[in-house]
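Nothing in this text is a laboratory measurement; each read-out follows from the coordinates by a stated rule. Here the structure is a predicted model, which means the values were calculated and not measured. Reconstructed Cβ throughout: ideal geometry from the backbone, glycine too, with neighbour counts over all protein chains shown.
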Amino acid sequence: MVACNYHTPVLLKETISLLLTSRSGIYLDATFGGGGHSRAILDALDNTGKVIALDVDEDALKEGEKIKASYGDRLIVTKANYREVKKIIHQYGFSKVDGVLFDLGVSSYQLSRSQRGFSFQLNEKLDMRMDQTQEKNARYIVNTYSRNLLAEIFMKYGEERNAGRIAKAIVEARNRSPIETTGELVEIIKKVARGKYLTKSLARIFQAIRIEVNNELENLKLSLEDSVDLLNKGGRLAVISYHSLEDRIVKQFFRNMSTGETFSKMDVYSEARPVAMLRLITRKPIVPTKEEVKENPRSRSAKLRVAEKVG
Ligand SMILES: C[S@@+](CC[C@H](N)C(=O)[O-])C[C@H]1O[C@@H](n2cnc3c(N)ncnc32)[C@H](O)[C@@H]1O
């Protein structure tokens, strides 16, 4: 396994063996992070194969700078949101790619060392922005969203059963003084969720706020469809997800695209019948081995799904 201080890549061998179909191909890594997957892709390609990698986080781009020297013009790392994936690929003069990888969620660096309040185990400023140039952050959401909206987010993005009570406790607390840190937020949640449910509730509420801050599910939905458009026939789309909301989106998308049920791009008045655009390579998601989970506990919830463009 390529261990890296910034982030240890998850399901690395499995991803590379299922994603790569051409040793001289062009691959898009939509979530560069510490570059573990990008490097493994480049190492498996011949010296004409290329990787174009994106990340919204400036700190990930700095990691990119460190490894660029080893690969020359075979590696492009650029700051971009993957919802703009088509624009970026075209900007760099490419029209199609041979594979696209999304490794969703946060990097270990973001969680443990970025000091941006992603973890409920650390007491940091409420931030949770992956892209530090965007305005909306966790502090804004926690201190200004209405009680109903907070409850809706906790329910929708955290599937938290105490959503309403936690939202109420947050509004009561912020009426006394603004909530500034993850530590303060944890104390508020602790008043509602106790005992064996506490850790799960903390994880769910933090996940929900992070999804809302970074518009994660919306970005994913938009970019999956664009990624399929970008693929050459025979090219593959690989997605590693870390929680059920992400995996549901990917699973549903793959199913629709492989049965031809996706109508979003079709003219409703058209006579044309929907055609299957993808063939499933993984019928069931691939999960990490026991050994990988032991070595890298953060991999435990990972699920890899891969599909190939046929249409
Ligand atoms: C799990 S990490 C990727 C780790 C990487 N595969 C590696 O091996 O180091 C996810 C990365 O995706 C980035 N990210 C999240 N949402 C993004 C988006 N909408 N556009 C581009 N990058 C995004 C995060 O900043 C983070 O660095």
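Among 236, 161, 194, the order by Cβ neighbours within 10 angstrom, fewest to most, reads 194, 161, 236. Based on alpha-carbon atoms, the Kirkwood radius and the radius of gyration of region 115-214 give Rg/Rh equal to 0.92. Seen from a random direction on average, the alpha-carbon convex hull of region 3-43 projects onto 2.8 square nanometres.
Per-residue ellipticity at 222 nm, computed for the chain from helices alone with -39500 (n - 2.57) per DSSP H run of at least four residues, works out to -13500 deg cm²/dmol.
Once the gyration tensor of the Cα atoms in the chain is diagonalised, the equivalent ellipsoid follows with semi-axes of 34, 23, 18 Å, ordered largest first. Here the residues 59, 229, ranked from fewest to most Cβ neighbours within 10 Å of their Cβ, fall in the order 229, 59.
Kirkwood analysis of region 40-87, using all unique Cα-Cα pairs, places the hydrodynamic radius at 11.4 Å. So what does log10 I(q)/I(0) come out to for region 155-250 at q = 0.10, 0.14 Å⁻¹, using the Debye formula with one equal point on every Cα and no solvent? Cα-only, vacuum Debye calculation for region 155-250: -0.38, -0.63. Here 213, 275, 97 are placed in order of increasing Cβ neighbour count within 10 Å, fewest first, which gives 275, 97, 213. Taken about its Cα centre, the chain carries a charge dipole of about 960 debye when Lys and Arg each add +1 at the Cβ and Asp and Glu each add -1 at the Cβ. Take the Cα of residue 43, step 7 Å toward its Cβ, do the same at residue 215, and the gap between the two points is 3.6 nm. For region 1-160, pairs of C-alpha atoms spaced more than 30 angstrom apart make up 24 percent of the total.
Shown in residue order for region 232-240 are the 3J(HN,Hα) couplings computed by the Karplus curve 6.51 cos²θ - 1.76 cosθ + 1.60 at θ = phi - 60°: 5, 4, x, x, 10, 10, 10, 10, 9 Hz (x for Gly and Pro).
Diagonalising the gyration tensor over the Cα atoms of region 105-160 and scaling each eigenvalue by 5 before taking the square root yields semi-axes of 21, 14, 10 Å, largest first. Here the 3J(HN,Hα) profile of region 300-308, calculated from phi with Karplus coefficients 6.51, -1.76 and 1.60 at θ = phi - 60°, is 4, 9, 6, 9, 9, 10, 10, 9, 10 Hz, Gly and Pro shown as x.
First select every other residue whose beta carbon is under 15 angstrom from the beta carbon of residue 287; then total the charges, Lys and Arg +1, Asp and Glu -1.
+3
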